[in-house]
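K.L.:
Attaching a single structure in structure tokens format; questions to follow.
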């Protein structure tokens, strides 16, 4: 009879490494790549050469920035996020109606501030906070309640 293959089980050391990694910010290159995508989308909309995907990227970043700020990383006021929500909704309406996806100068400045905040959050927030914000975004886009249960703290 064949011998079963012994799969390794997570060791205490492996769990400890994982727990430590969750407390650290994401790798600089990963943060830079994520931030670059946002800045490219923002620039395309500033030039009037954007598309629906660019507007969706800014919407996701707006939400992630708010979620991370709620977790205590970075600053985003409800007024700023409310204004950004109105701006991006207008961009979607105009884009769908006319095919022109763009932001005017004031709208660009508002989203440039959000993108800058997001850059800083990516470089400073620990992996657990970014993971939770991403999970909230996934739940939000799926139409599920986006509030996560309260974390137990020791």
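The values are calculated or read from the model by the stated rules, or taken from the named source; none is laboratory data. No experiment lies behind these values; they were computed from the predicted model shown. Because the Cβ atoms are built from the backbone with ideal geometry, glycine has one as well, and the counts that use them run over all protein chains shown.
K.L.:
Which number in (1) part of a helix (DSSP H, G or I); (2) exposed (fewer than 13 other Cβ atoms within 10 Å of the Cβ); (3) touching a helix residue (DSSP H, G or I) at 6+ places or on another chain (Cβ under 7 Å) marks the one condition that residue 68 misses?
P.N.:
(2)
K.L.:
Something else about it: Quick one: count up the residues across the stretch 47-56 that are surrounded by fewer than 19 Cβ atoms within 10 Å (Cβ to Cβ) and at negative phi.
P.N.:
Here is the first cut: in the stretch 47-56, the ones surrounded by fewer than 19 Cβ atoms within 10 Å (Cβ to Cβ) are 47-49, 51-53, 56.
Checking which are at negative phi leaves us with 47, 49, 51-53, 56.
Looking only at that region, the number is 6.
K.L.:
Step by step: first the residues of the stretch 91-106, then only those that are without any contact (Cβ under 8 Å) to a residue 24 or more places away in the chain and surrounded by 13 or more Cβ atoms within 10 Å (Cβ to Cβ), then the one that is farthest from residue 66 (Cα to Cα). Which residue is that?
P.N.:
Filtering the stretch 91-106 for residues that are without any contact (Cβ under 8 Å) to a residue 24 or more places away in the chain and surrounded by 13 or more Cβ atoms within 10 Å (Cβ to Cβ), the one farthest from residue 66 (Cα to Cα) comes out as 94.
K.L.:
Just checking, does the stretch 22-35 include any residue being over 16 Å from the mean Cα position of the chain (by Cα), farther than 30 Å from residue 103 by Cβ, at pLDDT 60 or above and outside any loop (DSSP other than H, G, I, E, B)?
P.N.:
Within the stretch 22-35 (the criterion being over 16 Å from the mean Cα position of the chain (by Cα), farther than 30 Å from residue 103 by Cβ, at pLDDT 60 or above and outside any loop (DSSP other than H, G, I, E, B)), the answer is yes, since at least one residue qualifies.
So that you can scan it fast, the table gives a plain yes or no per residue for (1) surrounded by fewer than 15 Cβ atoms within 10 Å (Cβ to Cβ); (2) farther than 17 Å from residue 23 by Cα:
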{"position": "89", "(1), (2)": "yes, yes"}
{"position": "114", "(1), (2)": "no, yes"}
{"position": "122", "(1), (2)": "no, no"}
{"position": "133", "(1), (2)": "no, no"}
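K.L.:
Among 57, 65, which is under 26 Å from residue 19 (Cα atoms) and either in contact (Cβ under 8 Å) with a residue 12 or more places away in the chain or touching a strand residue (DSSP E or B) at 6+ places or on another chain (Cβ under 7 Å) (or both)?
P.N.:
From the options 57, 65, the qualifying one is 65.
Results for (1) in contact with a helix residue (DSSP H, G or I) (Cβ under 9 Å, 6 or more places away or on another chain); (2) part of a helix (DSSP H, G or I); (3) at pLDDT 95 or above, shown as yes or no for each residue.
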site	(1), (2), (3)
56	yes, yes, yes
61	yes, yes, yes
75	yes, no, no
97	no, yes, yes
107	yes, yes, yes
122	yes, yes, yes
150	no, no, no
154	no, no, no
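K.L.:
Now for a different question. Against the definition (modelled with pLDDT of 90 or more, touching a strand residue (DSSP E or B) at 6+ places or on another chain (Cβ under 9 Å), assigned to a helix (DSSP H, G or I) and buried (at least 19 other Cβ atoms within 10 Å of the Cβ)), how does residue 44 come out, yes or no? Please lay out each step first, then the result.
P.N.:
Details: modelled with pLDDT of 90 or more: yes; touching a strand residue (DSSP E or B) at 6+ places or on another chain (Cβ under 9 Å): yes; assigned to a helix (DSSP H, G or I): yes; buried (at least 19 other Cβ atoms within 10 Å of the Cβ): yes.
Yes; evaluated as a whole, the condition is true for this residue.
K.L.:
Next up: Any chance you could count how many residues in the stretch 129-144 are part of a helix (DSSP H, G or I) and either within 11 Å of residue 65 (Cα to Cα) or in contact with a helix residue (DSSP H, G or I) (Cβ under 9 Å, 6 or more places away or on another chain) (or both)?
P.N.:
Result for the stretch 129-144: 10.
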